[in-house]
1. So which of Tyr87, Tyr83, Tyr95 is in contact with a His (Cβ under 8 Å, 6 or more places away or on another chain) and either of a type outside the set (S, T, N, Q) or surrounded by 15 or more Cβ atoms within 10 Å (Cβ to Cβ) (or both)?
2. In the list Phe76, Phe51, Phe18, which residue meets the criterion of being in contact with a Leu (Cβ under 6 Å, 6 or more places away or on another chain), surrounded by 12 or more Cβ atoms within 10 Å (Cβ to Cβ) and of a type outside the set (S, T, N, Q)?
3. Tally up the residues in region 28-41 that are surrounded by 12 or more Cβ atoms within 10 Å (Cβ to Cβ) and without any contact (Cβ under 8 Å) to a residue 12 or more places away in the chain, please.
4. For the subset of region 70-99 comprising residues that are of a type in the set (D, E, K, R) and in contact (Cβ under 8 Å) with a residue 24 or more places away in the chain, which member is nearest to Ser43 (Cα to Cα)?
5. Condition check: charged (D, E, K, R) and either touching a His at 6+ places or on another chain (Cβ under 7 Å) or without any contact (Cβ under 8 Å) to a residue 12 or more places away in the chain (or both). Does Arg114 satisfy that?
6. Quick check on Arg82: is it modelled with pLDDT under 95 and under 21 Å from Glu92 (Cβ atoms)?
Amino acid sequence: MTTTVAENVSQAEKNESFSRAIAVPKTLPERCTDWEVISLFYSALHYVDAFLVSVHGVPAGSHKHRNFFVGTTPDFNTIAIRYKYLYQQSREARYDLVPMAPEFMDKLELEAFRPIRAHMRALLNLPG
């Protein structure tokens, strides 16, 4: 099933909201930084897919294809390194159970996710 630009943007926004909700002190007994990074990465992924749908009519379909597009498409030049870093951090959290300190997560969101989000929303002609 092919998703639309609007569906991908909606999912990106939901994933970002989820990440912020679980990062709030006292929402949970402790911060689930693994899920924070995973949900931020999937937010970035859906922004990338929204752009790919808008340009090519279909999302990337796999991490391998998406990473290829991000690494080779000029529209992604300014975010490619950040996207791949966020992807790697989410893999480490998911599969290697690498713990991420809250301070690291805060920096990751600020220095990797936010620039990706801003760039992708600009490419998609969406408000900040």
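1. Tyr87
2. The match here is Phe51.
3. 2
4. Out of the qualifying residues, it is Arg82.
5. Yes: the conditions hold for Arg114.
6. no
The values are calculated or read from the model by the stated rules, or taken from the named source; none is laboratory data. Since the structure is predicted, the reported quantities are computational estimates derived from the model, not experimental observations. Please note: Cβ atoms are built from the backbone with ideal geometry, for glycine as well, and neighbour counts cover all protein chains shown.
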